[in-house]
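Let me begin by presenting the structure, written as structure tokens, before commenting on it.
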Amino acid sequence: MEHSTLAPANGLLAKLREGIDDLIETDPSLRCDAETIIFLERELNRLHYVMSTSVAEFDQWGEWAPDGAQTATAWIDTRCHLPKKEARTQLRRGKALASFPLAAAAWAAGDIGAAHLDALVRVKSPVTEVALARDESLLVDYARTMKFAPFSNALSYWEQLADQDGTEEAALARQARRDVYLVPGPGGYLGKMQFDFIEGAIVAQELERRATALFEADWAEAKERLGRDPRPHELARTPAQRRADALVEMAVRSASTPADAQRPEPHFSVLVGFEALAGRMAQIEGGPVVPVGSLLPLMDRASFERIVFAPGKRIECSVTSRFFTGATRRAIEVRNLECCHEYCDLSADKCQMDHIVPYSEGGPTTQENAQVLCPRHNRARYERPPPGG
């Protein structure tokens, strides 16, 4: 394979290039198994570690200066054609590693990635520095073992405990940065929306509700037209078009609402655990962690739903009931938040209730014997394997 760049003087780099060349020349069908994907992702993490530490040393030694560059990132931008933002990020990561020795070791081993380090750097401040050094091992273990979204939430909870005032101030700053604009352009109106987590949840949930109603209407129309269940491309509108139409519908309904009409309650759910009484625990249902103080302006308009997960075998409905309904169903949705299948994150409100021990085998209809599964994984659980499988 020919290369347009200079051949590396370092023998290790030459071997690395040869190895990558061999991989590229290998048919993708021979490197698409699960073990290979895991291996490549881990080695890519390690290569990113090497890149960031190399850039940090490059900056330290000033080898970029003889070419007339004012900074290492300007040199990288010119010679490597990398966006300056990405070059700065590489440099920032390399410099940050001195403060995170355990995270650095985990990154070098491929156990975590650059995104994990970025998340740890984000919560480092003069207030949290001592606690971060104390708890780094715990947080790195979270990064190693958890999916990234739950890890981010766990880190946010940690930050709230370590810097309660700082997280409240950050929430106020996010709320102050709220902005919405629409401007006419050559191809129509273009715009952008930015909200804090709570206001964003209110808008997003209403937008999703309207878009879902439009999807159901499109589905019904296509089914009647075709005489069968339609495929996604046979619907009258794409998901993007339905979201746009839903936003227009929200504006039309707002404009047609009488000035003296009763204002509807904001529609969003926040999970607040018992720990909030003595600690810091609040999370948008199906979304990010928020400071408890950010909820205060909404308390006079909020409806409260109490769900108690008691020890033992507490039962909310008859164990002989076939279906999970009412408060029992709601409690299970809040407990699980998303599909319980390891490789799925569909939100619980779009999932189905499933008996862990099947009802047909005597499984009771209780919280302890319940889980939420998306329709696909719920069906797959009861599908029979093919003959001879």
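Any residue at all in region 247-261 that is in contact with a strand residue (DSSP E or B) (Cβ under 8 Å, 6 or more places away or on another chain), part of a helix (DSSP H, G or I) and surrounded by 12 or more Cβ atoms within 10 Å (Cβ to Cβ)?
Of the residues in region 247-261, the ones in contact with a strand residue (DSSP E or B) (Cβ under 8 Å, 6 or more places away or on another chain) are none.
No, region 247-261 contains no residue that is in contact with a strand residue (DSSP E or B) (Cβ under 8 Å, 6 or more places away or on another chain), part of a helix (DSSP H, G or I) and surrounded by 12 or more Cβ atoms within 10 Å (Cβ to Cβ).
Considering only residues that are assigned to a helix (DSSP H, G or I) and at pLDDT 85 or above, look in region 362-389 and name the one that is most open to solvent (accessible area, probe 1.4 Å).
Step by step, filter region 362-389, then rank; the result is Arg376.
Scan region 173-192 for residues that are among the hydrophobic types (A, V, I, L, M, F, W, C) and either in a strand (DSSP E or B) or under 15 Å from Val248 (Cα atoms) (or both) and report the count. Give the derivation first.
Going residue by residue through region 173-192, those that are among the hydrophobic types (A, V, I, L, M, F, W, C) are 173, 176, 180, 182-183, 190.
Remaining after also requiring either in a strand (DSSP E or B) or under 15 Å from Val248 (Cα atoms) (or both): 180, 182-183, 190.
Result for region 173-192: 4.
What is the residue count in region 330-350 for residues that are under 21 Å from Phe148 (Cβ atoms), surrounded by 16 or more Cβ atoms within 10 Å (Cβ to Cβ) and either modelled with pLDDT of 85 or more or touching a strand residue (DSSP E or B) at 6+ places or on another chain (Cβ under 6 Å) (or both)?
Number of matching residues: 8.
Among residues belonging to region 306-329 that are at pLDDT 60 or above and open to solvent by 70 Å² or more (accessible area, probe 1.4 Å), point out the one that is nearest to Asn378 (Cα to Cα).
That would be Phe323.
Answer yes if at least one residue in region 158-167 is modelled with pLDDT under 85, of a type in the set (Ser, Thr, Tyr) and out of contact with any strand residue (DSSP E or B) (no Cβ under 7 Å at 6 or more places or on another chain), and no otherwise.
yes
Going through Pro101, Pro126, Pro186 one at a time, which residue ends up being open to solvent by 70 Å² or more (accessible area, probe 1.4 Å), at pLDDT below 95 and closer than 30 Å to Gly62 by Cβ?
Sole residue among the options that is open to solvent by 70 Å² or more (accessible area, probe 1.4 Å), at pLDDT below 95 and closer than 30 Å to Gly62 by Cβ: Pro126.
Answer with yes or no whether Ser152 is modelled with pLDDT under 95, part of a helix (DSSP H, G or I) and out of contact with any Phe, Trp or Tyr (no Cβ under 9 Å at 6 or more places or on another chain). Outline the logic, then answer.
Values: modelled with pLDDT under 95: yes; part of a helix (DSSP H, G or I): yes; out of contact with any Phe, Trp or Tyr (no Cβ under 9 Å at 6 or more places or on another chain): yes.
Here the answer is yes, as Ser152 does meet what is asked.
Would you say Gln90 is polar (S, T, N, Q), open to solvent by 60 Å² or more (accessible area, probe 1.4 Å) and more than 21 Å from the chain's Cα centre (by Cα)?
No: the conditions fail for Gln90.
Anything in region 189-222 that is open to solvent by less than 60 Å² (accessible area, probe 1.4 Å), at pLDDT 90 or above and of a type in the set (A, V, I, L, M)? List them, or say none.
Answer for region 189-222, where residues must be open to solvent by less than 60 Å² (accessible area, probe 1.4 Å), at pLDDT 90 or above and of a type in the set (A, V, I, L, M): Leu207, Ala211, Ala213, Leu214, Ala217, Ala220, Ala222.
Phe39 versus (1) touching a residue at least 60 places away in the same chain (Cβ under 8 Å); (2) open to solvent by 80 Å² or more (accessible area, probe 1.4 Å): which is the lone unmet condition?
(1)
The values are calculated or read from the model by the stated rules, or taken from the named source; none is laboratory data. Note that the coordinates shown come from a computational prediction; the quantities given were computed from them, not determined experimentally. With ideal geometry, Cβ positions are generated from the backbone for all residues, glycine too; neighbour counts draw on all protein chains shown. These area figures cover heavy atoms from the full protein model, side chains too; ligands, DNA and RNA do not enter into them. Shrake-Rupley method; radii C 1.70, N 1.55, O 1.52, S 1.80 Å.
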